[in-house]
Amino acid sequence: MSLIAGAAMVMPDGVVEDGWLDVEHGRIAATGTGEPPREPDHRFDGHWLVPGFVDMHSHGGGGARVTGADPEDVGTFVATHRMHGTTSLVASLVSGPIDEIDHDVRALADMVDEGLIAGVHLEGPWISPVRKGAHDESVLGAPDPAVVDKLLHAGRGTVRMVTLAPELDHGLDAVRAVVGAGAAAAVGHTDATYEVVSQAIEAGARVATHLFNAMAPVHHRAPGPIVALLEDERVTVELILDGAHLHPAIAAHVRASAGPQRIALVTDAMGAAGVGDGDYMLGDMEVRVTDGVARLVEGGSIAGSTLTMDAAFRFAVQQAGFSLPDAVAATSANPARVLGIDDHVGTLAVGKLADAVVLDADLRVAAVLHRGTWVRSGPVE
């Protein structure tokens with residue numbers, strides 16, 4: 001058992017200044033306000049206690065990448081992001097040959113079963129070559145229904161999200177297949193019209209993959225995918241808040257127009273996250289990171305990010321006008337809901353896994369609690 005007190009806790013119904021949280025057998029056993037039921041084991045006076053972050057779109061970190069599904073690399077990837085407060089992490093695969101994706105999905109599914117990662121995300125290969133970003137155009141194609149079913153089946157229910165361009169042949173059928181398999185269908189890397197994206201939403205698409213990035217821009221006579229995704233209350237929109245992908249004014253605009261319950265912050269991180277500048281690989285594409293910004297060596301497209309979720313959290317609050325509860329929703333509750341894992345993570349609630357992040361007054365990570373065990377810094381006594 002472990003009783004935590006002293007911090008301002010961001011709970012599902014708001015901020016509790018004088019709260020306490022009791023952990024037993026890796027889960028939250030009780031919460032309350034005022035005087036705790038016994039002497040606290042750990043006090044965090046002057047700090048914030050927030051739910052562990054949930055990242056539903058990340059490709060790598062710590063110098064490691066998800067592609068290839070090497071257990072040691074995936075372990076490094078998870079450990080790196082966990083040190084920054086991400087206690088539930090989805091492994092995102094980039095576009096590649098179908099046989100290689102199939103291999104990786106099967107291997108990653110075992111890691112989901114082991115509890116190492118929270119699920120698998122397929123970003124491609126069913127995306128538009130016009131909006132390919134840092135994806136290898138030679139492996140892109142329309143979503144053949146048999147192949148879609150093959151990869152979903154390979155995941156044994158662990159594929160939590162699939163990003164695709166609905167304007168491709170069989171695109172809307174693919175949306176329906178993904179949703180039918182219990183995963184989230186995400187619209188991204190798309191050159192679709194407003195009308196086609198609206199049809200995709202009606203077919204079941206519920207996520208916008210990194211809104212604004214790698215999709216047709218807004219035009220006053222051709223509103224395109226951004227307006228369709230932003231205006232529909234059923235859609236959760238991903239935002240990459242690293243200062244390179246989006247201007248803070250855009251993030252603030254999305255917060256005001258969509259509302260805090262429809263935003264999921266993601267890192268879209270590649271191997272350089274938690275490491276620094278240098279040369280890396282994203283899938284089979286060479287990437288150079290300079291001043292923290294990752295770009296393809298050939299062509300110069302932004303190639304994911306070097307972001308960690310704690311930095312995205314700070315950006316949201318300090319530069320984009322998010323309140324602390326708004327930022328918590330965007331980094332924990334909302335992505336957990338999209339992934340269908342909100343029954344056990346995403347909020348500080350009794351019965352859920354004891355995943356939490358202690359932030360100091362500057363919103364920097366002071367300690368991380370994962371499944372009831374301190375994994376970073378330990379408590380501040």
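Some values worked out for this structure:
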{"item": "Rounded D (µm²/s) - segment 112-232, Kirkwood Rh over Cα pairs, Stokes-Einstein at 37 °C, 0.692 mPa s", "result": "230 µm²/s"}
{"item": "Ranked packing of 266-277, 90-101, most packed first, by mean Cβ within 10 Å", "result": "266-277, 90-101"}
{"item": "Mean Cβ count within 10 Å, highest first, over the residues of peptides 46-59, 125-138, 363-376", "result": "46-59, 125-138, 363-376"}
{"item": "Pair Ala142, Glu233: separation of 7 Å Cα→Cβ label points (nm)", "result": "3.6 nm"}
{"item": "Added length on full extension, which subtracts the Cα-Cα distance from 0.36 nm per residue, His247 to Val130", "result": "39.8 nm"}
{"item": "Arg376-Ala30 FRET efficiency (beta carbon distance; Förster radius 35 Å; 0.05 resolution)", "result": "0.90"}
{"item": "Helix 194-203 vs. the chain, principal-axis angle (Cα, 0 to 90°, nearest 10)", "result": "60 degrees"}
{"item": "Nitroxide proxy distance, nm - points 7 Å out along Cα→Cβ at Glu202 and Thr290", "result": "4.7 nm"}
{"item": "Qualifying GluC sites (Glu not before Pro) in segment 1-83, DSSP loop, other Cβ atoms within 10 Å at most 11", "result": "Glu17"}
{"item": "Cα lying deepest toward the dipole's positive end in the chain, options Met215, Val120, Thr193, charges on Cβ", "result": "Thr193"}
{"item": "Size descriptor, Kirkwood hydrodynamic radius, that averages inverse alpha-carbon separations across segment 224-288, Å", "result": "13.7 Å"}
{"item": "The chain: angle of helix 71-82 to the longest principal axis, Cα-based, in degrees nearest 10", "result": "60 degrees"}
{"item": "Extension gain (nm, one decimal) between Gln261 and Val15, 0.36 nm per residue minus Cα-Cα", "result": "86.9 nm"}
{"item": "Efficiency of FRET from Cβ geometry, Asp113 and Asp41, R₀ 22 Å, rounded to 0.05", "result": "0.10"}
{"item": "Scaled radius of gyration (Cα, divided by 2.2 N^0.38 Å) that the chain gives", "result": "0.95"}
{"item": "For Glu286, net neighbour charge (Lys/Arg +1, Asp/Glu -1) across residues whose Cβ lies under 9 Å away", "result": "-2"}
{"item": "Cα pair distances in segment 168-279, grouped into 10 Å bins until the bin that holds the longest one, percent each", "result": "14, 43, 31, 11, 1"}
{"item": "Charge context of Val148, other residues only, Cβ under 14 angstrom, K/R +1, D/E -1", "result": "-3"}
{"item": "Dipole in debye (nearest 20) - the chain, about Cα centre, beta carbon charges: Lys, Arg +1; Asp, Glu -1", "result": "520 debye"}
{"item": "Total formal charge among the other residues, if their Cβ is under 14 angstrom from that of Gly340, Lys/Arg +1 and Asp/Glu -1", "result": "+1"}
{"item": "Counting DSSP beta bridges with both ends in segment 53-339, the antiparallel % (nearest 5)", "result": "35 percent"}
{"item": "Sequence-separation-based contact order of segment 308-353, relative, with Cα cut under 8 Å and 6+ spacing, percent", "result": "24 percent"}
{"item": "The chain, relative contact order in percent, only Cα pairs under 8 angstrom and at least six apart counted", "result": "21 percent"}
{"item": "Mean Cβ neighbour count within 10 Å, used as a protection proxy, ranking 168-179, 322-333 highest first", "result": "322-333, 168-179"}
{"item": "Computed Rg/Rh of segment 299-367, alpha carbon atoms with Kirkwood Rh", "result": "1.03"}
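Bear in mind these aren't lab numbers, they're just calculated from the coordinates by the rules spelled out. As the structure is a prediction and not an experimental result, all values here were calculated from the model. Please note: Cβ atoms are built from the backbone with ideal geometry, for glycine as well, and neighbour counts cover all protein chains shown.
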